[in-house]
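**Q** Take a look at the following structure, please.
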Amino acid sequence: MQRSLSVISRLCGLKAPASLLSCTASSSSSSSQWRQSGRKSSSQDAASLLPRTQLMHNGEKVQGIFTKEEMARRIANLRAYMSNNGVDGVVLTSMHNVCYFTDFLYCSFGRPYGVIVTADKCLTLSAGIDGGQPYRRVFGDNITYTDWQRDNLFYIIQQELRNCKGKIGIENDHVTLDTLAKLNNALPSQQKEDIGVATMHMRMIKSEEEINVIKEGAKTGDIGGAAVVEAMREGVPEHEVAIAATDTMIRHIAEVYPHTEIRDSKHVTAQLIRPPNLNIITHGLGFKVVSTPTERTTR
């Protein structure tokens, strides 16, 4: 087992802070509650030798969509609310709030993500499947949890917030019953309070930077719409229309935001476009062209 750990260490070249590691069978008793019940003792001992967390701080920080000043403004607003409402720590888990307060849009792949915000810390929690990408893109710091044990994300939350005396803010509109049970298991003595409505109100007040991004998004949509009109002809497969629109928008986004990631999704089929049953549905910065013949039901 020690040899395996040595190999992993050499391959990854990574380590985690001592406060966030549980690497030996004799590690702190707080980690024992996270072991999966029902396993054989030998399996538990083997798993306990592997790290719960690691720092994947490889590469340089990249320029985000928003400036550091804009991101600092958002965090400052959240901390002001926390200070005024007796909230010592916040755990954000939704895509929109993680993105809003860190400038990082995660894709879960079945694994949870989160952000811990305190008076002096903004720490993004990400899965190992993303490697060092979250660290490079987030505003603030980042730590990666491993898959060697279950619920390592909640282990980090426990280690970071267990000494908080005040309330812990969570998103009631995003936290499932299962997640809430794990949060209560990690932080049994802290009162949980909804932060979802408050953060929604924060996001509603747009800064000048945000307004500019919204305007640019609308412009991108107009460019995509024009490409749809240009490509749409009877007998043309709908995926070809979608490709024309999406590729046009991607090229425009790449010109305006050359430093950002470009993501697109084409949820279309190879069916041919036939009038009059044609719907064009806009989705944010992307277009989805959907033909709706009578024999089709749901997508």
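The values are calculated or read from the model by the stated rules, or taken from the named source; none is laboratory data. In this text, all values refer to a predicted model and were calculated from it rather than measured experimentally. Neighbour counts are summed over all protein chains in view; Cβ atoms, including those assigned to glycine, are modelled from backbone coordinates with ideal geometry. Accessible surface is based on the protein model in full, side chains and every heavy atom, while ligands, DNA and RNA are left aside. Shrake-Rupley method; radii C 1.70, N 1.55, O 1.52, S 1.80 Å.
**Q** Find all pairs meeting these conditions: Cβ atoms under 9 angstrom apart; at least six residues apart or on different chains; first residue within the range 246-270 and modelled with pLDDT of 90 or more; second residue part of a helix (DSSP H, G or I) and among the basic types (Lys, Arg).
**A** What qualifies is HIS252/LYS219; VAL256/LYS219.
**Q** Open to solvent by 40 Å² or more (accessible area, probe 1.4 Å), hydroxyl-bearing (Ser, Thr, Tyr) and either under 22 Å from ARG150 (Cβ atoms) or at pLDDT 50 or above (or both): which single residue out of SER30, SER41 fits that description? Give the derivation first.
**A** Numbers: SER30 fails: open to solvent by 40 Å² or more (accessible area, probe 1.4 Å).
Residue meeting the stated conditions: SER41.
**Q** What number of residues within the range 243-259 are surrounded by fewer than 18 Cβ atoms within 10 Å (Cβ to Cβ) and assigned to a helix (DSSP H, G or I)?
**A** Residues that pass the stated criteria total 7.
**Q** Looking at (1) surrounded by 16 or more Cβ atoms within 10 Å (Cβ to Cβ); (2) over 24 Å from ALA181 (Cα atoms), can you tell me which one GLY114 breaks?
**A** Answer for GLY114: the failing condition is (2).
**Q** Something else: Collect the residues in the range 201-242 that are among the small types (Gly, Ala, Ser) and either in contact (Cβ under 8 Å) with a residue 60 or more places away in the chain or in a helix (DSSP H, G or I) (or both), keeping them in residue-number order. Working first, answer last.
**A** Restricting attention to the range 201-242, the residues satisfying the condition of being among the small types (Gly, Ala, Ser) are 207, 217-218, 221, 224-227, 231, 235, 242.
Scanning the range 201-242 gives SER207, GLY217, ALA218, GLY221, GLY224, GLY225, ALA226, ALA227, ALA231, ALA242.
**Q** For SER189, indicate whether it is of a type in the set (Gly, Ala, Ser) and open to solvent by 50 Å² or more (accessible area, probe 1.4 Å).
**A** Working: of a type in the set (Gly, Ala, Ser): yes; open to solvent by 50 Å² or more (accessible area, probe 1.4 Å): yes.
The answer is yes for SER189.
**Q** Continuing with the same structure: Taking THR118 and the conditions (1) out of contact with any helix residue (DSSP H, G or I) (no Cβ under 7 Å at 6 or more places or on another chain); (2) under 20 Å from GLN191 (Cβ atoms); (3) in contact (Cβ under 8 Å) with a residue 60 or more places away in the chain, which numbered condition does it fall short on, given that it satisfies the others?
**A** Only one criterion is unmet by THR118, namely (3).
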